[in-house]
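Asker: Mind looking over this structure? Questions follow.
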Amino acid sequence: MNIAVFVSGNGSNLQAIIDAKKNNIITSDIKVVVSNNANAFALERAKKEGIKTVVFDGKVFHSQEEHDLSIISQLKEEGIDLVVLAGYMRILTDLFIGAYTDKIINVHPSLLPSFKGAKAIKESFEYGVKTTGVTVHFVDKELDGGPIILQKTLDVEDSSIEQLEERIHKIEHALLPQAIALIEQKRISITGRKVKII
Ligand code: GRF
């Protein structure tokens, strides 16, 4: 499979995918890394590995649709089979999601459907949850709302927010490559909201 990884920031999840490829946990080619942020450290990680990077700056397009059409044409050129959102902080249009139905996955730092949105770790910590975790899910038109592929829990115990962040990221770095591997091996079937691992 050819995968595109979408990033906006640090790119530790991108690094986990790169490392998973090196360790033969996944077999896909990381064909391109797409970012909305030219200053994302994730882009440095990609360049270091010789992976092509493309920045799509929302400000240079007239509309969201035009922006997403431009990304779609880039992905078609690269022959992309799977889009992995790894800390991508821009909302995709229905047009984009429709073009890659069941071919976009996202990693989210909470047990969905709890704590959707960009501040999931902070919000779940402040809420005082005893158990939280990580979700890898397919992306549909609802924000953080698509069918769940994998979830893993962790007990907050007396972690500080920094410790909790670190613990959650560690889980993300294992779970996201694991989901990619399941998709590569065609071990996933989706019926409505239910994802079955064969
Ligand atoms: C991760 O916590 C991911 O779940 C969330 O954004 C963060 C990205 O981290 N969507 P990184 O850029 O992969 O280090």
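Asker: Check the straight Cα-Cα distances from LYS196 and name the aspartates and glutamates below 12 Å, setting aside those fewer than 8 residues away within the same chain.
Answerer: Within the straight-line limit of under 12 Å, LYS196 reaches no aspartates and glutamates at all.
Asker: Straight-line reach from LYS52: which aspartates and glutamates have a Cα under 19 Å away, not including same-chain ones fewer than 8 places off?
Answerer: Within the straight-line limit of under 19 Å, LYS52 reaches these aspartates and glutamates: ASP19, ASP29, GLU44, ASP68, GLU77, GLU78, ASP81.
Asker: Can I ask one more? Using Cα atoms only, what is the angle between the long axis of helix 12-22 and the major principal axis of the chain, expressed in degrees (0 to 90) to the nearest 10?
Answerer: On a 0 to 90 degree scale, this one is about 70.
Asker: Here's another thing I want to ask about it. Based on DSSP loop calls and a cut-off of at most 15 other Cβ atoms within 10 Å, the longest stretch of the chain free of exposed GluC sites (Glu not before Pro) is what? Numbers along the way, then the final one.
Answerer: Working: sites that count: GLU49, GLU142, GLU157.
In the chain, the maximal stretch lacking such sites is 50-141.
Asker: Among all the lysines, which ones have a C-alpha under 25 Å from LYS194's C-alpha, if same-chain residues fewer than 8 places away are not counted?
Answerer: Of all the lysines, those that pass the test against LYS194 - Cα under 25 Å, at least 8 places apart if same chain - are LYS103, LYS116, LYS141, LYS152, LYS186.
Asker: Give me the angle, in degrees from 0 to 90, between the Cα long axis of helix 161-184 and the longest principal axis of the Cα atoms of the chain, rounded to the nearest 10.
Answerer: The helix 161-184 is inclined about 50 degrees to the chain.
Asker: Given contacts defined as C-alpha pairs under 8 Å and at least six residues apart, what's the relative contact order of the stretch 1-152, whole-number percent?
Answerer: Values: 269 pairs, mean separation 32.2, N = 152.
Relative contact order comes out at 21 percent.
Asker: Moving to a separate point now. Kindly sort ARG45, ARG193, ARG167 by accessible area of their heavy atoms, largest first, with the probe set to 1.4 Å.
Answerer: Correct descending sequence by accessible area is ARG193, ARG167, ARG45.
Asker: How tilted is helix 64-78 with respect to the longest principal axis of the chain? Cα atoms for both, answer in degrees (0 to 90, nearest 10).
Answerer: Tilt of helix 64-78: around 80 degrees.
Asker: Sticking with this one: Pop out the carbon and sulfur fraction of the accessible area of the chain as a percent, whole number, probe 1.4 Å. Spell out each step's value before the answer.
Answerer: Numbers: 5060 of 10070 Å².
The C+S portion of the solvent-accessible surface of the chain is 50 percent.
Asker: Grab the DSSP H runs of the chain that are 4 residues or longer, score each as -39,500 (n - 2.57), total them, divide by all residues and round the 222 nm result to the nearest 500 deg cm²/dmol. Walk me through the numbers before you get to the answer.
Answerer: Working: 6 runs with 72 residues, N = 198.
Computed ellipticity for the chain at 222 nm equals -11500 deg cm²/dmol.
Asker: Over the chain, average the accessible area per residue using a 1.4 Å probe and give it in Å², no decimals.
Answerer: Values: 10070 Å² over 198 residues.
Counting only protein heavy atoms, the per-residue value for the chain is 51 Å².
The values are calculated or read from the model by the stated rules, or taken from the named source; none is laboratory data. A quick note: this is a predicted structure, and the numbers were derived from the prediction, not measured. Heads up, the Cβs are rebuilt from the backbone with ideal geometry, glycines too, and the neighbour counts pull from every protein chain shown. When the accessible area is computed, the model is the full protein with side chains, heavy atoms only, and any ligands, DNA or RNA have been set aside. Shrake-Rupley method; radii C 1.70, N 1.55, O 1.52, S 1.80 Å.
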